[in-house]
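Participant: I'd like to ask you about the structure that follows.
The values are calculated or read from the model by the stated rules, or taken from the named source; none is laboratory data. Since the structure is predicted, the reported quantities are computational estimates derived from the model, not experimental observations. Cβ sites come from the backbone with ideal geometry, for glycine too, and all protein chains shown count toward neighbours.
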């Protein structure tokens with residue numbers, strides 16, 4: 001699968017590699033790669049149009065952001081975060097928003113709810129918050145600055161920036177052992193070179209050159225090679241791809257499951273975007289990128305994301321139709337009517353989360369919960385703190401079924417492939 005012109009390193013113990021300035025480079029899109037990117041981006045834009053025209057758009061958007069976060073956790077940690085745990089944490093945080101202020105408080109909530117997978121669940125939740133923030137904040141032609149990159153990375157690490165926890169660019173040297181220890185190690189640029197490289201990166205992102213997906217591929221490669229942060233780098237790189245899609249106007253509000261492709265084949269993803277970690281010298285980065293391998297891979301990821309969006313939209317629509325038959329006659333505009341439309345996006349609820357979801361009073365929300373429980377759409381589950389919680393198991397099972405269709409083997413963590 002790896003480009004033929006890239007030969008494994010065999011006679012050097014250290015790979016001194018400085019990322020090339022992007023703004024001074026000329027990138028070439030070969031005919032097949034350009035066609036694949038165009039086709040994939042068109043399919044993605046059409047998938048979003050279907051979502052935005054659907055009465056279930058809000059539920060689909062929420063289900064997609066959660067799915068992207070869960071897929072990203074597979075790439076970064078090699079673990080499958082339980083969807084029900086994620087849903088329960090979302091409901092708990094919305095019921096008790098004070099726990100969202102710091103990671104320490106959120107960890108307390110995770111532990112008090114007995115959710116397990118503590119660190120992975122925390123990171124997954126914070127990543128979901130970060131990409132949802134990007135989808136609401138980054139607009140077409142937004143100017144990207146180094147502080148934008150720091151902001152996004154901070155949100156991936158700490159969530160909403162409300163208590164002074166902010167990320168900074170790496171201040172120490174970063175050295176990574178190559179996969180085959182005999183081939184030596186890769187040393188990232190010195191800390192005092194990082195800001196200039198990030199400024200150049202931002203200049204490149206702010207220019208509408210190449211296609212959005214191609215630009216996202218170069219972005220991922222460049223940020224990985226600069227290695228501007230000590231932790232949570234892969235999640236941030238993926239979040240920056242979302243930033244590019246929104247900045248370029250390819251997407252307006254839909255979070256595409258861009259992590260789905262890497263999660264399905266983490267090793268292939270790593271070999272193309274982190275070649276030096278596997279002992280492949282990339283002295284001529286421009287030639288390597290222009291070989292088309294990265295662009296073809298990004299086209300595949302984009303097309304896969306588009307197809308999964310269509311799958312989620314159809315699943316959510318079918319869930320609502322099924323539940324409406326189960327519920328019987330429902331008054332249009334009632335709390336139950338709105339809940340049937342929005343429940344697929346938030347299948348674990350309390351009275352408080354229903355009030356936020358549908359914008360109705362405690363009494364109306366509580367009555368709607370009782371109605372949906374009576375007809376079997378909602379089932380009681382372990383209380384969240386002191387609040388009774390309910391779950392729409394059919395929605396959880398439907399999304400898990402999508403997941404089962406997409407994966408035929410256990411996930412592999414990126415760290416399993418790279419020796420730090």
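Participant: Mind telling me which of the residues 51, 60, 76 ends up being in a helix (DSSP H, G or I), farther than 25 Å from residue 392 by Cα and touching a helix residue (DSSP H, G or I) at 6+ places or on another chain (Cβ under 7 Å)?
Facilitator: 76
Participant: Starting from the range 163-183, keep only residues that are farther than 17 Å from residue 228 by Cα, then list their pairs with residues that are at pLDDT 75 or above and surrounded by 13 or more Cβ atoms within 10 Å (Cβ to Cβ) whose Cβ atoms are within a distance under 6 Å, requiring at least 6 positions of separation or different chains.
Facilitator: 163/101; 163/102; 165/158
Participant: May I pose another question? Looking at 306, 299, which one is modelled with pLDDT of 90 or more, over 26 Å from residue 226 (Cβ atoms), assigned by TED's automatic domain parsing to the domain that holds residue 76 and buried (at least 19 other Cβ atoms within 10 Å of the Cβ)?
Facilitator: 306
Participant: So, one more: Go through the range 375-393 residue by residue and tally those that are crowded, with 19+ Cβ neighbours inside 10 Å and outside any strand (DSSP E or B).
Facilitator: Here the count works out to 3.
Participant: Which condition number does residue 168 fail, the rest of (1) buried (at least 18 other Cβ atoms within 10 Å of the Cβ); (2) at pLDDT below 95 being met?
Facilitator: (1)
Participant: Hey, among 85, 65, 73, which residue is touching a residue at least 24 places away in the same chain (Cβ under 8 Å), farther than 30 Å from residue 359 by Cβ, surrounded by 17 or more Cβ atoms within 10 Å (Cβ to Cβ) and under 19 Å from the mean Cα position of the chain (by Cα)?
Facilitator: Unique residue meeting the criteria: 73.
Participant: Looking for whichever is over 22 Å from residue 211 (Cβ atoms), part of a loop (DSSP other than H, G, I, E, B) and at pLDDT 90 or above here; the options are 360, 324. Which one fits?
Facilitator: Just one listed residue meets the conditions, 360.
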